[in-house]
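In what follows, a structure is listed as structure tokens, so that the remarks can point back to it.
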Amino acid sequence: MEPLLLPDANRRWDCLSLGEVMLRLDPGEGRIHTTRHFAVWEGGGEYNVARGLRRCFGLRTAIATALADNAVGRLVEDCILQGGVDTSLVKWLLLDGVGRTVRNGLNFTERGFGMRAAAGCNDRGHTAISQVKRDEFDWDSILGSNNGARWFHTGGIFAALSASTADVASEAMDAAHRYGTPVSYDLNYRDSLWRSIGGKTKAQEVNRALVRKVDLLLGNEEDFSATLGVGVKGVSEDFADLPIPAYEEMLREVAAAYPNLKLIASTLRTARTASRNAWGAIALCQDKIVHVPQQEIDILDRVGGGDGFASGLIYGILAGKPIDWAVRCGVAHGALAMTTAGDTSMATLAEVERAMKGGSARIAR
């Protein structure tokens, strides 16, 4: 595995993400099918990484996406602005009046508790960003000398939205490489997105092509198996026991199949209950394994934990920290992201550093 080379800081953004941003409707402690009240947040697998890098780690980030220009789209924009992420690359599409041709995505998500698992119900057909096509984003202007980014991030959720979004992801990756911008990609397999367009067979066809253009690959054991056909041996269906030698073997198998990869990282999660997980990570960088053992953590809202891991890891890399520090930063940030409601991180860098040092939960005042 070759070393990961970073461009200089003289670029407009530290990280640019490409993906969908949905409006999340959260019933809090209740259930979707019985609640009368929802809290609203913004969220999306790719966007959450940019948001975490901005709000927790203070980096300059932007999101390339599209929204239907109505009150719901403007609410999503308002949420993004509150998170400090640059919205100058948002494409606004005209509405036909009722959403027959273009609309904004909605994501209803229950947090779960104890034996009741978290659950999601997406309403995202015909959304604005799912209809984006090649040449609609001017990547040479976005990633070239006029602007530029030190890092580019996208993922398997965006690639699964439509046939054209995978093409756009590929186009953006090619431009990133032209301008020396490292590319990260979170496999983020979602059965519901692939089910009607070819299932795992199609997911593997699309992801195997995209991963050949990636520097940092992220996922978990299900992601690697479903999207690349590389599984972890000896893992039960409930992931009650995660054999680290088997994970190491999986990462090395992926590295051998995709020699372009500079870093591969997998989160390690065992869900004891919806509100109690064992959480850690393992990574392979320049043929060296970095393992952060699982620790028991309490969960308020598990959505966005993997994205929190990704943003913490990327921050460590951009900050020039050793790879073991970066992986530990990702684990700590992901854990803290799951202690608050909503998809996005509300943690601070000081809290992340304290967690990395094993700080207690005693009140700070």
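Lysine pairs in the chain whose alpha-carbon atoms fall under 20 angstrom of each other, counting only those eight or more residues apart or on distinct chains, come to 10.
When the Gaussian network model of the chain links Cα atoms closer than 10 Å, the mean-square fluctuations of Thr339, Thr201, Thr34 top out at Thr34. I need the shape label for region 110-149. Rule: rounded when a/c is under 1.5, else prolate if a/b > b/c, else oblate, with a, b, c from the alpha carbon gyration tensor. It comes out oblate by the Cα gyration axes.
Full extension of the segment from Arg190 to Ala350, taken as 0.36 nm per residue of separation minus the current Cα-Cα distance, would add 54.3 nm.
If I build a Gaussian network model for the chain, linking alpha-carbon pairs within less than 10 angstrom, which residue out of His33, His333, His291 has the largest mean-square fluctuation? Judging by the Gaussian network model, the answer is His33. Tell me whether region 19-94 comes out rounded, prolate or oblate; compute the Cα gyration tensor, take square roots of the eigenvalues as a ≥ b ≥ c, and use a/c under 1.5 as the rounded threshold. Oblate is the answer for region 19-94, as a/c is 1.5 or above yet b/c matches or exceeds a/b. Express the relative contact order of the chain as a whole percentage, based on alpha carbon pairs under 8 Å and six or more residues apart in sequence. Reported relative contact order: 17 percent.
What does the helix-only formula give at 222 nm for the chain: each DSSP H stretch with n ≥ 4 adding -39500 (n - 2.57), the total divided by the residues, and the result rounded to the nearest 500 deg cm²/dmol?
Calculated from helices alone, the mean residue ellipticity at 222 nm is -10000 deg cm²/dmol.
Model label sites at Arg100 and Ala246, defined 7 Å from Cα along the beta-carbon direction, differ in position by 5.2 nm.
Each residue of region 19-35 was assigned a 3J(HN,Hα) from its phi angle through the Karplus expression (A = 6.51, B = -1.76, C = 1.60, θ = phi - 60°), giving x, 8, 10, 9, 8, 8, 10, 10, x, x, 7, x, 10, 4, 7, 10, 6 Hz with x at Gly and Pro. The trypsin sites (Lys or Arg not before Pro) of region 73-182 that DSSP puts in a loop, and whose beta carbon has at most 10 other beta carbons within 10 Å, are Arg100. Note on Ile289 and Ala119: their simple-model spin labels are 3.8 nm apart, each label 7 Å out from Cα toward Cβ.
Dipole check for region 26-74: with +1 at the C-beta of Lys and Arg, -1 at the C-beta of Asp and Glu, and the Cα centre as origin, the magnitude is about 160 Debye.
Quick note: the coordinates plus some simple rules give every number you see, no bench work behind them. Nothing here was measured: the structure is a model prediction, and the numbers come from that model. As a convention, Cβ positions derive from the backbone with ideal geometry for all residues, glycine included, and neighbour counts pool all protein chains shown.
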